[in-house]
1. Based on this model, can you work out whether residue 85 counts as among the basic types (Lys, Arg) and in a loop (DSSP other than H, G, I, E, B)?
2. Where residues in segment 65-87 are of a type outside the set (Lys, Arg) and open to solvent by 100 Å² or more (accessible area, probe 1.4 Å), which of them is farthest from residue 37 (Cα to Cα)?
Amino acid sequence: MKPDDDIRQEVRRWPGATVNFDRTGRHPRAVLHFNGRERFVTIPGTPGDTAHGPKNNIAIVRRTLKALGAIRVAIPFGRGRKRWRNPGVQQRVVVAGEPAPVMPDPWEPLQAVVQPQQNAAVEIQVRQTGAPVCECLACLSDMAGIYPCLIEDESQ
């Protein structure tokens, strides 16, 4: 956008204010009118090399119009129609289904284990299958026979 277009668009938001553009010398100028009073603002002929140039021009025009006594119209936010948000928990439809199966607690056999004292001797019992059974965690778990007995290793 040219600087002239930016300034015209801004002046439309100030009721009763008008703008004319003159070219004198090197730079054009915007002549702002309000309530029979006028002031001019020098504006650049090119938009500039930064993003702040046009914003700074608009800021100068706003200050000048405010000094003349003009009042800017508030800009309404959200010009589009409103969107419907999530209806919430009360309006949702919950589909009833089968209850999920309850899995057995894998730690239940280990909760019954009483930790032996460090100095106490542990007796090794033999099951009917012939596998050693003691009070260590490896023998009491469902994985007995897969992991080696920890107490046998310490005693040897």
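1. Here the answer is yes, as residue 85 does meet what is asked.
2. Filtering segment 65-87 for residues of a type outside the set (Lys, Arg) gives 65, 67-71, 73-78, 80, 84, 86-87.
From the residues that got through so far, the ones that are open to solvent by 100 Å² or more (accessible area, probe 1.4 Å) too are 71, 77, 84, 86.
On the way: 71: 15, 77: 32, 84: 48, 86: 53 Å.
Applying the filter and picking the extreme gives 86.
The values are calculated or read from the model by the stated rules, or taken from the named source; none is laboratory data. This structure is a prediction, so every number in the text was calculated from the model and none was measured. Accessible surface areas use protein heavy atoms only, side chains included; no ligands, DNA or RNA. Shrake-Rupley method; radii C 1.70, N 1.55, O 1.52, S 1.80 Å.
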